[in-house]
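What follows is one structure encoded as structure tokens, with my remarks underneath.
None of the figures in this text is laboratory data; all of them are computed from the coordinates on show. Keep in mind it's a predicted model, so treat the numbers as computed, not measured. Positions of Cβ are generated from backbone atoms using ideal geometry, with glycine treated the same way; all protein chains shown enter the neighbour counts.
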Amino acid sequence: MSSRIVSVAGRSRTGATRPFLCEAADGQRFFVKGGNAGWTELVTEYVVSRLAQEYGLPVAPLSLLEIPAELALHAVVEGAHEFQPGVVFGSRGVPFGEDLRSGHLSGIPDDEKIRLLCFDWWVRNGDRSLDILGGDPGILWDPTMNAMTVIDFDRALDGDFDEVEFLRTHPFRDVLPFIEAGKLTRLRTSFESALYSLDKIWEELPSEWLVDPAGDARVDMSYRSVETTLIKPDLPVDGFLPG
């Protein structure tokens, strides 16, 4: 059962969808995506975020939340027309979290960098970038814990994924020379183990994200198509290794 949202305080300044900043009935604060994202983006965000959890990435806790009709009707927030009633995706806020910057990279172990870089490659997520001038890393840094939290998977499963751009701009591209074939094999096994949860994850999706009230499909994807894409990808699973 989804938790109800009781208030909305504004919107994020960053991110393509600029998530709404909300408080749920249990007192937790969330970054919320709903009417500010398309149906495909919502499904992708939830499914790939849950797979990332199963794979062992430090993903921000996520929830399915409900925006009550009355709250949506009276919300005073920028882009209020995108704050629509229904079930939405919520990513729990990280206290003191801030966007990852180049200066934080040295504080992240190489093993963690490699794990995320491989996952992003396998799910075709090219929506992370970082250089000395900034970027959109989709990673939060907690200076009190010296730890990262991974967010933003709504642009994964990209049919136009550009592998050259990925290897040029990914925040953790610095570890590419240090990825050994044996480690890659172990991580791929962990990834494929996570895929065993895909059917359970798909069943967790709200039906309203998949079909409209008339019963017509809202997304051009299915459990089977996602499974096939990830198990038998178009790109080699080791395509970022030298040679």
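By count of other Cβ within 10 Å, fewest leading, how are 44, 149 ordered?
149, 44
Note down the relative contact order for the chain as a percent, whole number, built from C-alpha pairs under 8 angstrom at least six residues apart.
In percent, rounded to a whole number, it is 20.
So, R0 is 25 Å and r is the distance between the beta-carbons of residue 222 and residue 192; what FRET efficiency does that work out to, to 0.05?
Between residue 222 and residue 192 the formula returns 0.80.
I'd like the distance separating the alpha-carbon centroids of region 115-159 and region 69-113, in whole Å.
After rounding, the separation between the Cα centres reads 13 Å.
Report the semi-axes of the equivalent ellipsoid for the chain in whole Å, largest first, where each axis is √(5λ) for an eigenvalue λ of the Cα gyration tensor.
30, 22, 15
Sorted by mean Cβ packing within 10 Å, highest first, what order do the peptides 13-25, 48-60, 155-167 take?
Packing order, densest peptide first, comes out as 48-60, 13-25, 155-167.
Considering lysine pairs in the chain that are 8 or more places apart or on different chains, how many have Cα atoms under 24 Å apart?
So the count of such lysine pairs works out to 5.
For the chain, give the share of DSSP beta bridges that are antiparallel, in percent and rounded to the nearest 5; count only bridges with both residues there.
90
Would you mind working out the magnitude of the charge dipole of region 89-243 relative to its Cα centre, with +1 at each Lys and Arg C-beta and -1 at each Asp and Glu C-beta, to the nearest 20 Debye?
My answer is approximately 500 debye.
Among 102, 153, 226, which residue has its Cα positioned farthest towards the positive end of the charge dipole of region 87-232, with +1 placed on the Cβ of Lys and Arg, -1 on the Cβ of Asp and Glu, and the dipole taken about the Cα centre?
Towards the positive end, the residue furthest out is 102.
Could you give the length gained by full extension between residue 74 and residue 212, i.e. 0.36 nm per residue of separation minus their alpha carbon distance, to one decimal place?
47.2 nm
Taking all pairs of distinct Cα atoms, average 1/r, flip it, and tell me the Kirkwood hydrodynamic radius of region 3-92 in Å to one decimal place.
The answer is 13.1 Å.
Order by neighbour count: 99, 212, fewest other Cβ atoms within 10 Å first, most last.
Taking fewest neighbouring Cβ atoms as first place, the list is 212, 99.
With a 10 Å Cβ neighbour count serving as the proxy for reagent exposure, in which order, fewest first, do 145, 221 appear?
Going from sparsest to densest Cβ surroundings: 145, 221.
How high is the relative contact order of region 3-92? Use alpha-carbon pairs under 8 Å, at least six apart in sequence, and give a whole percent.
Worked out over region 3-92, it gives 34 percent.
Take the Cα of residue 98, step 7 Å along the line toward its Cβ, and report every residue of region 115-135 whose backbone nitrogen sits under 18 Å from that point.
Taking a point 7 Å out along Cα→Cβ of residue 98, the residues of region 115-135 whose backbone N falls under 18 Å are 130-135.
Grab the other residues whose beta carbon is less than 10 angstrom from that of residue 218, score K and R as +1, D and E as -1, and report the net.
Residues near residue 218 contribute -4 overall.
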